[in-house]
1. Would you kindly state how much longer the chain becomes between residue 59 and residue 121 on full extension, computed as 0.36 nm times their sequence separation minus their alpha carbon distance, in nm to one decimal?
2. Specify which residue in the list 55, 100, 84 is farthest towards the positive end of the charge dipole of the chain, using unit charges on the beta carbon of Lys, Arg (+1) and Asp, Glu (-1), about the Cα centre.
3. Could you tell me what percent of the DSSP beta bridges with both partners in the chain are antiparallel, to the nearest 5?
4. Per-residue ellipticity at 222 nm for the chain, helices alone: DSSP H runs ≥ 4 residues times -39500 (n - 2.57), over residue total, nearest 500 deg cm²/dmol?
5. Quickly rank 16-26, 2-12 as a protection proxy: mean count of other C-beta atoms within 10 Å, highest first.
6. Could you give the size of the charge dipole of the stretch 1-123 about its Cα centre, using +1 on the Cβ of each K and R and -1 on the Cβ of each D and E, expressed in debye and rounded to the nearest 20?
7. Cα extents of the stretch 88-145 along the three principal axes, largest first, in whole Å?
8. When the expected Rg is taken as 2.2 N^0.38 Å, what fraction or multiple of it is the alpha-carbon Rg of the stretch 1-51?
Amino acid sequence: MGRQHTYRTTVRWTGDTGSGYRGYERAHDVLSEGKPTLAASADPAFLGDPERWNPEEFLLASLSQCHMLTYLSVCARDRVTVTAYEDAATGTMEEQAGHSGRFTEVVLRPVVTVADAGMVERARSAHHDAHQQCFIANSVNFPVRHEPTVSVG
């Protein structure tokens, strides 16, 4: 068995207004020791505060971050010099009967700049390797697709 890693966060909510589903406060904080507090809420579709992060955005950001960090590691090992990386990811969630729902797909659209034209092909194929190694993508039960763009800068 491989190494195990344990992570801890605290979600703190203090918004009981006693006024039922439409009236209770969705705002809450996400904390992890020694880090800035993240202001969170429900998605605005579920009466949340649009100025705060919601769980669906956190999930999408986690997939995007994990892919990027794994991708940069793969590229570094393969001596591909990445000089810029930006991902405009999208996720689709469908509501289902019984107040349930699930993500059906996430599409990552990384735009990568590499230092040399000879690195472009490996930079493209490294997305496949990064996807295979990404801890978060390996933990979800829906497709995570990639539509990368690689250029020389």
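1. Here the segment from residue 59 to residue 121 would lengthen by 19.4 nm.
2. The one lying farthest along the dipole's positive direction is 84.
3. Roughly 70 percent of the DSSP beta bridges within the chain come out antiparallel.
4. For the chain, the value works out to -8500 deg cm²/dmol.
5. 16-26, 2-12
6. 480
7. Computed over the Cα atoms, the extents are 53, 20, 12 Å.
8. Computed over Cα atoms of the stretch 1-51, the ratio equals 1.52.
The values are calculated or read from the model by the stated rules, or taken from the named source; none is laboratory data. Computed from a predicted structure; not experimentally measured. All Cβ positions, even for glycine, are placed from backbone atoms using ideal geometry, and neighbour counts span all protein chains on display. These accessible areas exclude ligands, DNA and RNA; they are computed on the full protein's heavy atoms, side chains included. Shrake-Rupley method; radii C 1.70, N 1.55, O 1.52, S 1.80 Å.
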